[in-house]
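In what follows, a structure is listed as structure tokens, so that the remarks can point back to it.
The values are calculated or read from the model by the stated rules, or taken from the named source; none is laboratory data. Worth saying up front: this structure is predicted, and the values here are computed from it rather than measured. For neighbour counting, all protein chains shown are included, and Cβ atoms are generated from backbone atoms with ideal geometry for every residue, glycine included.
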């Protein structure tokens, strides 16, 4: 799981918490960094678009974005982006659950 802070209404996202399982399959520990600082993240690409959709609609968004990381033996099975709002209904965080599977074990 990953907890992202919403920056400027969804212009960017800050990694607030990264679960140990996810942290172990990333290029490095991104905690405290902005999503836009990652070289493989396009400003208006599919990942940012889907995160912004969850912020703007306030509804969960399932993500078909493929896993990009240092472990080519993994593939993404599923991901859901869950918007978390404050008392006034403004989405301030996204809670993301990612299910990865080992390609060798799933074949």
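Out of everything in the range 88-107 that is loosely packed, with under 12 Cβ neighbours inside 10 Å and at pLDDT below 65, what residue ends up being farthest from residue 24 (Cα to Cα)?
The residue in question is 107.
Only residues that are surrounded by fewer than 12 Cβ atoms within 10 Å (Cβ to Cβ) and at pLDDT 95 or above: list them for the range 60-87, please.
Matches in the range 60-87: 86, 87.
One line per residue, one yes/no per condition, for (1) touching a helix residue (DSSP H, G or I) at 6+ places or on another chain (Cβ under 7 Å); (2) surrounded by fewer than 12 Cβ atoms within 10 Å (Cβ to Cβ); (3) touching a residue at least 24 places away in the same chain (Cβ under 8 Å); (4) part of a strand (DSSP E or B):
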| residue | (1), (2), (3), (4) |
| --- | --- |
| 14 | no, no, no, yes |
| 17 | no, no, no, yes |
| 26 | no, no, yes, no |
| 30 | no, no, no, no |
| 40 | no, yes, yes, no |
| 43 | yes, yes, no, no |
| 47 | no, no, no, no |
